[in-house]
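Let me begin by presenting the structure, written as structure tokens, before commenting on it.
The values are calculated or read from the model by the stated rules, or taken from the named source; none is laboratory data. This structure is a prediction, so every number in the text was calculated from the model and none was measured. Neighbour counts run over all protein chains shown; Cβ positions are idealised from the backbone, glycine included.
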Ligand code: FPP
């Protein structure tokens, strides 16, 4: 019986995957992993149980994105605002981060995935920071996909840091304020060198951006799913890509103009 269910699941997953047009994949997908706490509480478990079960979803999402040929996957793992949670939850999250990174590095190596991080990493506990930096170093040469962890990240913090850096450069005479343009700003962000995410996925039914990649998401398609993060699987990821491919991305133009441009 279990074998039959598995075969049906595999067949429907393959069917979903077959609906994806590999020539129109987003280069960069960003994910707000939300709903761990509610998932745990709905089962009468402590919130941390939800975070632990979220690791399987991290694994599945990374695998699905790599197999499809997505170039960048960014996961919002810890926001600057998350420091305001009870100390026991913050400590558990930092510990889980270390454990997960240690567990993931061999898989990242095997699958040729490079790890990067964005956010104010200096405020992370020393042990978490060092584990993260070591994993970034070890995987630096991989080039199939880049997995970016947003840690102690806040888009407003990032924007202020960029403004500060540009202002300093102007004061020191390295740039003329009149020459500041979009690329000056893009290059001053922690995502320098990465394409902007074309698709943002948020789980748990919330429909907010929550201080995540505010500049970079300017033209992203937003996909909200009611699924809580610990239940998020490859099929949900494929659904999000199919939803993305069903959208018409006009970038301010009209439908008619886009159809003409295609010819
Ligand atoms: C949001 O759910 C989730 C987080 C703040 C943490 C995400 C962390 C993981 C999935 C574990 C490890 C991941 C990596 C990449 C190392 P929530 O707690 O805000 O849920 P709620 O809205 O239901 O309270």
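Summary table
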item	result
Inter-residue pairs, beta-carbon under 6 Å, first more than 21 Å from residue 74 (Cα to Cα) and in the stretch 23-44, second more than 9 Å from the ligand (Cβ to nearest atom), 6+ apart	40/49
The stretch 39-53: number of residues that are near the ligand (Cβ under 8 Å from one of its atoms) and surrounded by fewer than 17 Cβ atoms within 10 Å (Cβ to Cβ)	1
Within the stretch 189-231, tally of residues that are within 30 Å of residue 164 (Cβ to Cβ), outside any loop (DSSP other than H, G, I, E, B) and within 13 Å of the ligand (Cβ to nearest atom)	1
Residue within the stretch 60-80 that is modelled with pLDDT of 95 or more and farther than 30 Å from residue 244 by Cα present	no
Considering residues of the stretch 33-51 that are part of a helix (DSSP H, G or I) and under 18 Å from the mean Cα position of the chain (by Cα) only, the residue farthest from residue 211 (Cα to Cα)	51
Single residue of 135, 155 found to be surrounded by 13 or more Cβ atoms within 10 Å (Cβ to Cβ) and within 15 Å of the ligand (Cβ to nearest atom)	135
So residue 30, is it in a strand (DSSP E or B) and either out of contact with any helix residue (DSSP H, G or I) (no Cβ under 8 Å at 6 or more places or on another chain) or within 12 Å of the ligand (Cβ to nearest atom) (or both)	yes
Top-ranked residue in the stretch 58-102 [being surrounded by fewer than 18 Cβ atoms within 10 Å (Cβ to Cβ) and not in a helix (DSSP H, G or I); ranked as farthest from the ligand (Cβ to nearest atom)]	69
